[in-house]
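S.K.: I have a structure I would like to understand better, so I am pasting it below and will then ask my questions one at a time.
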Amino acid sequence: MTGMTQRRSANSEAAIGNRTRAIATMSPGEARGQNKKLKRSGSMPWWQRFGLAVILPVLFVIVWQYVASTGSFGGGMLPTFTDSVEALRVWMFGQAGDSYFAGGWLASLGASALRVFSGFSIGAVLAITLGLFSGVSQNVRGMVDPFITILRPISVTAWVPMALIIFGIGYAPAIFLTALGTFFPVYVATLAGVRYSEGSLVHAARMLGANKRQTLLRVTLPATLPSIATGMRVAAGIAWTCVVVAEMLGAKSGLGYTLILAYNQFQFDYIAAAMASIGAAGYLTDKLIEQLIQRRLRWAMTTS
């Protein structure tokens, strides 16, 4: 019995070894085909994914419509889902005279998107640069990291008065706050990625004669990209939060400005329309970054 068990174990190990060698000696084309086959076998049909994705939104809309129609919350001031959809339609396609907000949706979205793009780009570039240098240099990390750690717990809303004092009302304070909100998660993700990547790959590159610049650009940076990508996806959602806060308190345009203006005018259905627009914009931004990541980092498989 023991001999049979040992033979089975040996045969199993031999089979595993054969399969491993077959995978290791695959050509790039065969490997890509194998990956696609595994993806197809492990993924759900599109209609099943769609069905799962809409369950919670549909339940949320049903509860929202019922609660708002019965006046259970908000003293009857909570707008219904259907009223909010109508407000969004007028905001997007309405003519002058239909409402104060009629036809202004695209301009509001464009103003907010411009601020998000500008602040996100500035914050991400600064964070990646400082994160890389802090990761590879103890001197830079010792000088930069403690100061950033002190600033990081200060919320964006606490920076609003200072931003208004320095930049006044307009695009500049919103861009500053968005860049600030973007900077911290991207910096932390970049630094963590560099610290984890500083191992055998870097030592191997140095043994092969690579200088510090070559090691940084050709070894450390590529190895850190998955962590940077994760930080950028987190920062994208924070960027939209920051720009809405900035527009509510220090701007004359944008989705956040429309939201607070609708509140002041007691047009609560437009508040819901503005919130839905912010959520949709943030969702699309995240998906755009995800697609860019998938194209650039197929080898890392960082996104689903």
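S.K.: For SER99, which sequence-distant residues (separation of 5 or more, or a different chain) have an amide H within less than 5 Å of its own amide H, given hydrogens modelled in the peptide plane?
M.R.: Excluding prolines and chain starts, which carry no amide H, there are no hits.
S.K.: Continuing with the same structure: Can you list residues whose amide H is under 5 Å from SER137's amide H, if they're 5+ apart or on another chain and H is modeled 1.01 Å from N?
M.R.: none
S.K.: Still on this structure, please answer the following. Based on the mean of other beta carbon atoms within 10 Å per residue, what is the order of 48-56, 155-163, 126-134, most packed first?
M.R.: 126-134, 155-163, 48-56
S.K.: Amide H neighbours of GLY94 under 5 Å, counting only residues 5+ apart in sequence or on other chains, H built in-plane at 1.01 Å?
M.R.: Under 5 Å from the amide H of GLY94: GLY103.
S.K.: Now, a different point. What does the net charge come to around TYR187 if you take all other residues with beta carbon closer than 14 Å to its beta carbon, with K and R at +1 and D and E at -1?
M.R.: +2
Bear in mind these aren't lab numbers, they're just calculated from the coordinates by the rules spelled out. Note that the structure is a prediction, hence the values are computed from the model and not measured. Note: ideal-geometry Cβ built from the backbone for every residue, glycine included; neighbour counts use all protein chains shown.
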